[in-house]
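The values are calculated or read from the model by the stated rules, or taken from the named source; none is laboratory data. A quick note: this is a predicted structure, and the numbers were derived from the prediction, not measured. Here the Cβ positions follow ideal geometry from the backbone for every residue, glycine too, while neighbour counts run over all protein chains shown.
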Amino acid sequence: MSIVDLQYAVTRLEQGDLVAFPTETVYGLGADAMNLMAIAKIYAAKKRPTDHPLIVHLPAGAPLTPWASHIPRMAEKLVEAFWPGPLTLILQKAEAVPTSVSGGQSTIALRSPAHPMAQALLRLFKNGQGGIVAPSANQFGRVSPTTAMHVRSEFPPEYEPVVYILEGEGSEVGIESTIVDLSRVDQGIGPVILRPGAVMPEHIADVLGQFPTTADKHAPRSSGRLAAHYAPSTRLYLLSRAEMQAYFEKNQALISANYGNPNFRKKKIAMVCMRSAPVVPWADDIEVAPPTPTAYAATLYSLLRRLDLLGYDEIIIERPPSTADWAAVNDRLSRAAAAFLD
Ligand code: TXA
Ligand code: MG
């Protein structure tokens, strides 16, 4: 990690520009959390609707008081147990924090990322007294980036006057942080999981002595909760093994029926299965997915991006098990597939 690059990144942030930097979850597109012009640049660069709130990133050990008006005991316990790490907390926002950070809401999202480069940047920025707002460094609605190369494809050279990209190690976790809402605990509501991630309900229960609930209709809005999100441009279907079998049989029948038809073009299909490939058919690419949720999450977004570039007509992904340990991966997969439900 080059200190020169980091210092340059800090200068750009202080000038109100954007800096893409690695975190352990995904790459973030950072801006000074107290600079309204810089925040506006994030929404513009990502083409993100301005009512979608941002997460403020803090150096490890930084006080939450400049950002949150009230810090419940549960927040202290979770910070102590999981920061720096892939956990975002929603608290009541402090007055001084611009409402454009929170998309107009009275709550604020806070996280301290574990990636060493993210921590180094946060320590240098305003001498560790500042906060960096950072959504995932992708165009709104697209697959989150886990390498600097992914970020460059989202923000090509014409963005250079606004966006500086820090080159770092890839994101180990591979999917976005778990979001836990603690903004209503004083009213007896919460903890509530707004977005599943690597920190799982049972981990939270171990620390708080109570299981978090999942989002209700009064929970704060969260764009990661939109049905269609994290989507590749290639049509993607999430199917059980039996559905996969049926899908291929239907295609096979179509191919047979069109034998000799010069106008018929066989679909190019990529398939990602959980175990070895089913004893069916042909697909133009067959991948066997990593067997554990952690390993699957770590490669999910690179896999989607790679398959997306290869010009397939369809990507068929075998649905992982529906057990709790797969919840975060299933969440991202179903959102990626939701864009193509017909
Ligand atoms: O792992 C992560 O969280 C990554 C890295 C870069 O830290 N960041 C990330 O940011 O995923 P973004 O903007 O792509 O997703 C942030 C999510 C959105 O779903 C947003 O709606 C939610 O956090 N969020 C932010 N502030 C909130 C608030 N005050 N209340 C409810 N949800 C909030
Ligand atoms: Mg995002």
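Quick notes
- Qualifying residue in region 141-157 (condition: more than 16 Å from ligand 2 (Cβ to nearest atom) and among the acidic types (Asp, Glu)): no
- Each residue in region 179-194 was checked for being buried (at least 16 other Cβ atoms within 10 Å of the Cβ) and outside any loop (DSSP other than H, G, I, E, B), and 7 pass.
- Every residue from region 234-260 that is farther than 10 Å from Ile315 by Cα and among the hydroxyl-bearing types (Ser, Thr, Tyr): Ser240, Tyr247, Ser256, Tyr259
- Taking the listed residues Ala219, Ala228, the one that is at pLDDT below 95, under 23 Å from Ala336 (Cβ atoms), away from ligand 2 (no atom under 16 Å from the Cβ) and not β-branched (Val, Ile, Thr) is Ala219, with no other qualifying.
- Matching residues in region 231-252 - criterion: being part of a loop (DSSP other than H, G, I, E, B), crowded, with 18+ Cβ neighbours inside 10 Å and more than 16 Å from ligand 2 (Cβ to nearest atom): Thr234
- Any hit, region 286-302, residues being modelled with pLDDT under 95, within 19 Å of Ser240 (Cα to Cα) and of a type in the set (Val, Ile, Thr): yes
- Among the residues of region 8-49, those that are among the hydrophobic types (A, V, I, L, M, F, W, C), more than 16 Å from Val97 (Cα to Cα), within 12 Å of ligand 1 (Cβ to nearest atom) and outside any strand (DSSP E or B) comprise Val26, Ile42.
Residue-by-condition table, conditions (1) within 17 Å of the chain's Cα centre (by Cα); (2) surrounded by fewer than 23 Cβ atoms within 10 Å (Cβ to Cβ); (3) among the polar types (S, T, N, Q); (4) at negative phi:
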position	(1), (2), (3), (4)
Arg48	yes, yes, no, yes
Pro53	yes, no, no, yes
Leu58	no, no, no, yes
Thr65	no, yes, yes, yes
Met74	no, yes, no, yes
Trp83	no, yes, no, yes
Thr99	no, yes, yes, yes
Ser106	no, yes, yes, yes
Gln119	no, yes, yes, yes
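- If you go through region 287-342 and keep only what is among the hydroxyl-bearing types (Ser, Thr, Tyr), touching a residue at least 40 places away in the same chain (Cβ under 8 Å) and surrounded by fewer than 20 Cβ atoms within 10 Å (Cβ to Cβ), you end up with Thr294, Thr299, Ser302, Ser334.
- Listed by first and then second residue, the pairs with beta-carbon distance under 8 Å, at least 6 apart or on different chains, first residue in region 49-73 and more than 16 Å from ligand 2 (Cβ to nearest atom), second acidic (Asp, Glu) and at pLDDT below 95, are His70/Asp186; Pro72/Asp186.
- Any hit, region 56-68, residues being assigned to a loop (DSSP other than H, G, I, E, B) and under 14 Å from Asn138 (Cα atoms): no
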